[in-house]
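Dumping the structure here so I can ask a few things about it.
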Amino acid sequence: MLYVREHEKNLRLQFSHLDKNKDGKVDLEELIDAFKDLGIAVEVNEARKLLQRMDTDGSLSISYNEWRDFLLLAPSTDIHGLVKFWRHSTSFLKQTTSSTS
């Protein structure tokens, strides 16, 4: 239980860094800017897919709850590890969708 609380605390901190305008949501522009700040190259289409993967309510933005629910079981708590987990899960989803088509 302590691990989960600590992980949630780190997720909250990472989310607050991404949410530049402090409106409680991360939109596509903030997401792209965050990747750029981290020195991670991301194309707009990839960023959009990453955002859509977490965006469960279709708002075209990520709330903290969507962020937490998606990343709570991620094996890492640092932002680079979270990005790697996020990208991997998105490419896995794409492969799964392709193989069922």
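Note down the nm distance, to one decimal, between modelled labels 7 Å out along Cα→Cβ at residue 59 and at residue 3.
It works out to 3.0 nm between the two label points.
Give 9/49; 49/84; 36/84 a once-over and call out the pairs whose C-alpha atoms are over 21 Å from each other.
Among 9/49; 49/84; 36/84, the Cα-Cα distance tops 21 Å for 9/49.
Treating cross-link reach as a plain straight distance, find the aspartates and glutamates whose alpha-carbon is under 14 Å from the alpha-carbon of residue 20, omitting any fewer than eight places away in the same chain.
Correct list for residue 20: 29, 30, 33, 37.
Still on this model: Take the alpha-carbon centre of region 44-69, take the same for region 10-35, and report the distance between them in whole Å.
Region 44-69 and region 10-35 have Cα centres spaced 11 Å from each other.
Each reported figure results from applying straightforward, stated rules to the coordinates on display, with no laboratory input. On a predicted model such as this, the values are computed, not experimentally measured, just so you know. Heads up, the Cβs are rebuilt from the backbone with ideal geometry, glycines too, and the neighbour counts pull from every protein chain shown.
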